[in-house]
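The values are calculated or read from the model by the stated rules, or taken from the named source; none is laboratory data. These numbers come from a predicted model, not from an experiment. For neighbour counting, all protein chains shown are included, and Cβ atoms are generated from backbone atoms with ideal geometry for every residue, glycine included. The area values use the complete protein model at the heavy-atom level, side chains included, leaving out ligands, DNA and RNA. Shrake-Rupley method; radii C 1.70, N 1.55, O 1.52, S 1.80 Å.
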Amino acid sequence: MTESKDPRATFGEALLAAADVNPNIVVLSADSSSGSGLTPFATKYPDRHIELGIMEQGVMGIAAGLATTGKIPFVVAIAPFVTVRPFEMLRNDVGYMATNVKVVGRCAGMTYSDLGPTHQSLDDVAITRTIPGMTVVSPGDPTEIVQSVHAIVAHRGPVYMRIGQYKMPVLFQEDAPYTLGKATL
(Lines give C-alpha, C1' and ligand atoms only; values in the text may rest on other atoms or scores of the structure.)
Protein backbone atom coordinates (compact mmCIF):
# COMPACT_ATOMS: atom_id res chain seq x y z
CA MET A 1 0.00 0.00 0.00
CA THR A 2 1.28 3.46 -0.89
CA GLU A 3 1.77 5.92 1.96
CA SER A 4 -0.36 9.09 1.79
CA LYS A 5 0.25 12.43 3.47
CA ASP A 6 -1.69 15.61 4.11
CA PRO A 7 -0.29 18.24 1.70
CA ARG A 8 -0.99 21.12 4.10
CA ALA A 9 0.84 19.46 7.01
CA THR A 10 3.68 18.48 4.69
CA PHE A 11 3.95 22.07 3.46
CA GLY A 12 3.93 23.43 7.03
CA GLU A 13 6.67 21.01 8.12
CA ALA A 14 8.82 21.85 5.08
CA LEU A 15 8.41 25.59 5.61
CA LEU A 16 9.33 25.25 9.28
CA ALA A 17 12.46 23.27 8.35
CA ALA A 18 13.42 25.95 5.81
CA ALA A 19 12.84 28.70 8.39
CA ASP A 20 15.08 26.89 10.87
CA VAL A 21 18.03 27.59 8.55
CA ASN A 22 16.87 30.87 6.99
CA PRO A 23 15.90 33.63 9.44
CA ASN A 24 14.57 35.83 6.61
CA ILE A 25 11.52 33.62 6.04
CA VAL A 26 8.32 35.21 7.34
CA VAL A 27 4.77 33.92 6.98
CA LEU A 28 1.68 35.97 6.34
CA SER A 29 -1.73 34.36 6.42
CA ALA A 30 -5.17 35.61 5.49
CA ASP A 31 -7.33 33.96 8.16
CA SER A 32 -5.84 30.59 7.29
CA SER A 33 -2.92 29.67 9.54
CA SER A 34 -4.19 26.51 11.22
CA GLY A 35 -5.83 25.13 8.07
CA SER A 36 -2.61 25.72 6.12
CA GLY A 37 -0.40 23.67 8.43
CA LEU A 38 1.22 26.76 9.93
CA THR A 39 0.47 26.24 13.63
CA PRO A 40 3.94 24.76 14.37
CA PHE A 41 5.56 27.71 12.54
CA ALA A 42 3.49 30.25 14.47
CA THR A 43 4.32 28.51 17.75
CA LYS A 44 8.06 28.33 17.12
CA TYR A 45 8.45 31.70 15.38
CA PRO A 46 5.67 34.00 16.60
CA ASP A 47 7.74 37.05 15.64
CA ARG A 48 7.96 35.79 12.02
CA HIS A 49 4.28 34.87 11.65
CA ILE A 50 1.61 37.45 10.88
CA GLU A 51 -2.06 36.49 10.79
CA LEU A 52 -3.88 39.30 8.99
CA GLY A 53 -7.41 37.94 8.96
CA ILE A 54 -9.71 38.42 6.00
CA MET A 55 -7.55 41.04 4.31
CA GLU A 56 -6.22 39.35 1.17
CA GLN A 57 -5.50 42.53 -0.81
CA GLY A 58 -3.56 44.06 2.07
CA VAL A 59 -1.55 40.91 2.72
CA MET A 60 -0.05 41.12 -0.80
CA GLY A 61 1.07 44.72 -0.29
CA ILE A 62 2.53 43.96 3.12
CA ALA A 63 4.38 40.93 1.73
CA ALA A 64 5.79 43.00 -1.15
CA GLY A 65 6.97 45.61 1.34
CA LEU A 66 8.64 42.99 3.52
CA ALA A 67 10.39 41.57 0.46
CA THR A 68 11.96 44.98 -0.23
CA THR A 69 13.66 44.74 3.18
CA GLY A 70 15.30 41.40 2.42
CA LYS A 71 12.67 39.17 3.98
CA ILE A 72 11.29 36.13 2.13
CA PRO A 73 7.56 36.40 2.72
CA PHE A 74 5.30 33.40 2.25
CA VAL A 75 1.65 34.38 1.77
CA VAL A 76 -0.54 31.37 2.52
CA ALA A 77 -4.32 30.98 2.27
CA ILE A 78 -7.04 29.24 0.30
CA ALA A 79 -6.06 29.35 -3.39
CA PRO A 80 -8.73 31.74 -4.75
CA PHE A 81 -8.09 34.10 -1.84
CA VAL A 82 -4.42 34.56 -2.82
CA THR A 83 -4.95 34.62 -6.59
CA VAL A 84 -8.36 35.88 -7.73
CA ARG A 85 -9.45 38.08 -4.83
CA PRO A 86 -6.17 40.10 -4.56
CA PHE A 87 -5.21 39.76 -8.24
CA GLU A 88 -4.38 43.43 -8.86
CA MET A 89 -2.03 43.55 -5.87
CA LEU A 90 -0.53 40.16 -6.78
CA ARG A 91 0.09 41.36 -10.32
CA ASN A 92 1.28 44.88 -9.53
CA ASP A 93 3.03 44.68 -6.15
CA VAL A 94 4.45 41.17 -6.42
CA GLY A 95 4.73 40.42 -10.15
CA TYR A 96 5.40 43.73 -11.90
CA MET A 97 7.74 44.81 -9.11
CA ALA A 98 9.47 41.37 -9.18
CA THR A 99 9.40 41.13 -5.40
CA ASN A 100 10.68 37.98 -3.74
CA VAL A 101 7.25 36.91 -2.47
CA LYS A 102 6.17 33.27 -2.33
CA VAL A 103 2.40 32.82 -2.61
CA VAL A 104 0.96 29.45 -1.62
CA GLY A 105 -2.62 28.60 -2.50
CA ARG A 106 -3.95 25.71 -0.48
CA CYS A 107 -7.01 23.59 -1.21
CA ALA A 108 -6.47 24.33 -4.90
CA GLY A 109 -8.66 23.06 -7.70
CA MET A 110 -11.91 21.45 -6.63
CA THR A 111 -10.65 20.19 -3.27
CA TYR A 112 -12.78 22.77 -1.45
CA SER A 113 -15.79 22.10 -3.68
CA ASP A 114 -18.13 21.56 -0.74
CA LEU A 115 -17.80 25.26 0.14
CA GLY A 116 -19.05 26.36 -3.26
CA PRO A 117 -17.62 28.26 -6.21
CA THR A 118 -16.06 31.04 -4.12
CA HIS A 119 -13.65 28.48 -2.66
CA GLN A 120 -12.86 26.64 -5.89
CA SER A 121 -9.79 27.57 -7.89
CA LEU A 122 -9.95 26.22 -11.39
CA ASP A 123 -8.24 29.28 -12.84
CA ASP A 124 -5.39 29.92 -10.37
CA VAL A 125 -2.64 28.52 -12.61
CA ALA A 126 -4.04 30.29 -15.68
CA ILE A 127 -4.20 33.73 -14.07
CA THR A 128 -0.87 33.53 -12.25
CA ARG A 129 0.81 32.53 -15.52
CA THR A 130 -0.28 35.89 -17.00
CA ILE A 131 1.98 37.73 -14.55
CA PRO A 132 5.41 38.44 -16.07
CA GLY A 133 8.21 36.79 -14.09
CA MET A 134 5.90 34.69 -11.93
CA THR A 135 7.08 31.11 -11.42
CA VAL A 136 4.18 28.68 -11.01
CA VAL A 137 4.72 25.41 -9.14
CA SER A 138 2.28 22.52 -8.78
CA PRO A 139 3.90 19.68 -6.79
CA GLY A 140 2.72 16.20 -7.69
CA ASP A 141 3.21 14.50 -4.34
CA PRO A 142 4.35 15.20 -0.75
CA THR A 143 8.03 14.70 -1.68
CA GLU A 144 7.71 17.40 -4.34
CA ILE A 145 5.98 19.72 -1.87
CA VAL A 146 9.05 19.53 0.39
CA GLN A 147 11.45 19.89 -2.54
CA SER A 148 9.42 22.79 -3.95
CA VAL A 149 9.48 24.71 -0.66
CA HIS A 150 13.27 24.53 -0.50
CA ALA A 151 13.60 25.37 -4.21
CA ILE A 152 11.36 28.42 -4.04
CA VAL A 153 13.14 29.73 -0.96
CA ALA A 154 16.37 29.60 -2.98
CA HIS A 155 14.71 31.08 -6.08
CA ARG A 156 14.87 34.87 -6.33
CA GLY A 157 11.55 36.29 -7.54
CA PRO A 158 7.80 35.85 -7.25
CA VAL A 159 6.38 32.33 -7.04
CA TYR A 160 2.90 30.85 -6.89
CA MET A 161 2.66 27.30 -5.51
CA ARG A 162 -0.60 25.40 -5.31
CA ILE A 163 -1.35 22.46 -3.04
CA GLY A 164 -4.49 20.43 -2.48
CA GLN A 165 -6.48 19.60 0.60
CA TYR A 166 -6.77 15.83 0.71
CA LYS A 167 -4.08 13.30 1.49
CA MET A 168 -1.98 12.47 -1.52
CA PRO A 169 0.11 9.37 -2.21
CA VAL A 170 3.88 9.54 -1.93
CA LEU A 171 5.09 8.84 -5.47
CA PHE A 172 8.76 9.84 -5.33
CA GLN A 173 11.67 8.97 -3.04
CA GLU A 174 13.03 11.77 -0.84
CA ASP A 175 16.26 11.84 -2.83
CA ALA A 176 14.52 11.96 -6.23
CA PRO A 177 16.04 14.59 -8.54
CA TYR A 178 14.14 17.86 -8.50
CA THR A 179 14.66 20.98 -10.57
CA LEU A 180 12.38 23.99 -10.32
CA GLY A 181 10.60 24.38 -13.67
CA LYS A 182 11.14 20.80 -14.81
CA ALA A 183 8.64 17.96 -14.72
CA THR A 184 9.49 14.94 -12.61
CA LEU A 185 9.13 11.74 -14.59
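List of remarks:
- Judged by the gyration tensor of its Cα atoms, with axes a ≥ b ≥ c, region 26-80 is oblate; a/c meets the 1.5 cut and b/c is at least as large as a/b.
- Working value for the chain: equivalent-ellipsoid semi-axes of 22, 19, 17 Å, each the square root of 5 times a Cα gyration tensor eigenvalue, largest first.
- Additional length obtainable on full extension of the chain from M97 to N22, 0.36 nm per residue less Cα span: 24.7 nm
- DSSP-defined beta bridges in region 27-185 - what % are antiparallel, rounded to 5: 5 percent
- Accessible surface, per residue, of the chain when the full set of protein chains is kept, probe 1.4 Å, Å²: 47 Å²
- Among the protein heavy atoms, those of K167 account for about 150 Å² of accessible surface (1.4 Å probe, every chain in place).
- Under 17 Å from the T69 label point (7 Å along Cα→beta-carbon), backbone N, region 81-101: 99-101
- Sequence of S34, S29 from largest to smallest accessible area, 1.4 Å probe: S34, S29
- Carbon and sulfur %, accessible surface of region 21-165 computed with the full protein complex present, 1.4 Å: 58 percent
- Rounded if a/c under 1.5, otherwise prolate or oblate - region 39-110, Cα gyration tensor axes: oblate
- Sites E51 and D175 - FRET efficiency at Förster radius 41 Å, r taken between beta-carbons, to 0.05: 0.70
- Cα shape, region 135-185, gyration tensor, a/c 1.5 rule: oblate
- Entry note, the chain: the mean residue ellipticity at 222 nm calculated from DSSP H runs of n ≥ 4, each adding -39500 (n - 2.57), is -8500 deg cm²/dmol after division by the residues and rounding to the nearest 500.
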